[in-house]
1. Sort 398-410, 170-182 by packing, meaning the average of other beta carbons within 10 Å per residue, with the highest value first.
2. In whole percent, what relative contact order does the chain give with Cα contacts below 8 Å and a gap of six or more residues?
3. Under 11 Å from a label point 7 Å along Cα→Cβ of His88: give me every residue in the range 187-215 with its amide N that close.
4. I'd like the distance separating the alpha-carbon centroids of the range 153-167 and the range 13-70, in whole Å.
5. Using a cut-off of 15 Å between alpha-carbon atoms, which aspartates and glutamates can reach Lys326, once sequence neighbours fewer than 8 places away in the same chain are excluded?
6. HN-Hα J couplings of the range 393-404 from phi, Karplus 6.51/-1.76/1.60, θ = phi - 60°, integer Hz, Gly and Pro as x?
7. Quick one: dipole size for the range 54-437, taken about the Cα centre, charges +1 on Lys/Arg Cβ and -1 on Asp/Glu Cβ, in debye to the nearest 20.
8. Given the Cα-Cα distance of Leu324 and Met177 and 0.36 nm per residue of separation, how much length would full extension add, in nm?
Amino acid sequence: MTPVIIFGLLSVLLLTGMPVSIALGLTVFGFLFAFADIPMDSIALKLFTGIEKFEIMAIPFFILAGNFLTHGGVARRMINFATSMVGHWYGGLGLASVVACALFAAISGSSPATVMAVGSILIPAMVAQGYPTRFGTGIIATSGGLGILIPPSIVMVMYSVATSGMVVTGPDGEPVMAASIGTMFMAGVVPGLILAMMLGTTTFWRAYSNGYPRMTRASWGDRWRAFRSSVWGLMLIVIIMGGIYGGIFTPTEAAAVSAVYAFFVAVFIYKDIRLREVPKVLLSSAAMSAMLLYIITNAVMFAFVLTSEQIPQAMSEFITDMGLGKIGFLLAVNVILLVVGMVMEPSAIVLIMAPILFPVAVKLGVDPVHFGIMMVVNMEVGLATPPVGLNLYVAASLSRMGLTEVTRATMPWLLTALLFLMLVSYVPAISLWLPHTLGMR
């Protein structure tokens, strides 16, 4: 009955429209006061120690770096570079949208920020070029999801934090450690590139089938100038990924370096942000960081209660005894996460579900890195599905379309993302090849 009480109480609170973080906290304290014998001083201690992990500091730094680059003109320069490379193909501006989202995802770590930065420029540009508004909106709303799949990704940090310190047993009884942030970042590169190519293919086919306009082919001189203009933003990708893999700094240190670098580029090189505007960017980043850290704090307490009540272990034994198997389990997880992703924010889902599902996945022989990437792709799909898909709301505000119309517009690309989800779920090599090649697994 314990799982029924805990998740029933959480569901009731969420259905009232209460913020996820507060619902988690009230669920924990309500259960403790009424049904548990856990000392309250241990909860107070967990409340503070739960967010003192060094890895969590990566979140506010990546948010700060993304805000500096979003408020600056980095997105515009990346869009110009992407357009110069693929604008002459069928659906050129649509293809440029996918490429620009992939490039900006590699420096922002946030899907809504990617949709806002790229969509605010390219949706009006596509409409001016003669593309239907639905075409551009559908591309941006779904391609913006690359923001949490292509590293650095805040959701990947959340997954690593939610499962860190968990040592669970594999199918043969051997201990299996959780995935580190650095390994998750490297594992997201190949899936991110494959999904970008699949979304680009869908864009090209629809543009070719409908005879959408093409742009004039850019000269190599124009391409070089566009690249040179955007190179300072693109260098951030090299700094983060090269620094982590080269052993120069940890992912958290990479986040701090990226924040300082983004500040320097935005203020002193591109000069898109004035010094007097910096406090506004800092305040915006602090507010977003505080919101996420509050969710993390309550999610840590929630995970602590689940662990104390042996719920993940009981679920692991229950599913194992059912004989569901790895394939059936992964399918069930995808269905659960897709449904939950329609009504909850990705970070909260990962923090709640990862500690529960992770031990079961490992028990059935699923690699922690592969399982993490699968969860991230599910969250990406959830960002483009109603009624709570954040990307849909951002895209709707940019295109001035209704939520229902935006949802219909995303369907071709959303189906492509679902196809990719099945592919990444059942072909672990997509997620594991690069970490294995680099000797990280």
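1. Working: 398-410: 18.0, 170-182: 16.1.
For the peptides 398-410, 170-182, the packing ranking is 398-410, 170-182.
2. Working: 693 pairs, mean separation 111.1, N = 441.
For the chain, the relative contact order is 25 percent.
3. 215
4. 14
5. In chain and number order, the partners are Asp172, Glu317, Asp367.
6. Ordered by residue, 3J(HN,Hα) equals 5, 5, 5, 5, 5, 6, 9, 6, 9, x, 4, 5 Hz.
7. Numbers: 17 positive and 14 negative charges, 357 e Å.
The calculated dipole for the range 54-437 is roughly 1720 debye.
8. Working: separation 147, 0.36 × 147 = 52.92 nm, distance 2.33 nm.
Full extension of this stretch gives 50.6 nm more.
Readers should treat all values here as calculations from the given coordinates under stated rules, not as data from a laboratory. Model, not experiment: these values are computed from the prediction. All Cβ positions, even for glycine, are placed from backbone atoms using ideal geometry, and neighbour counts span all protein chains on display.
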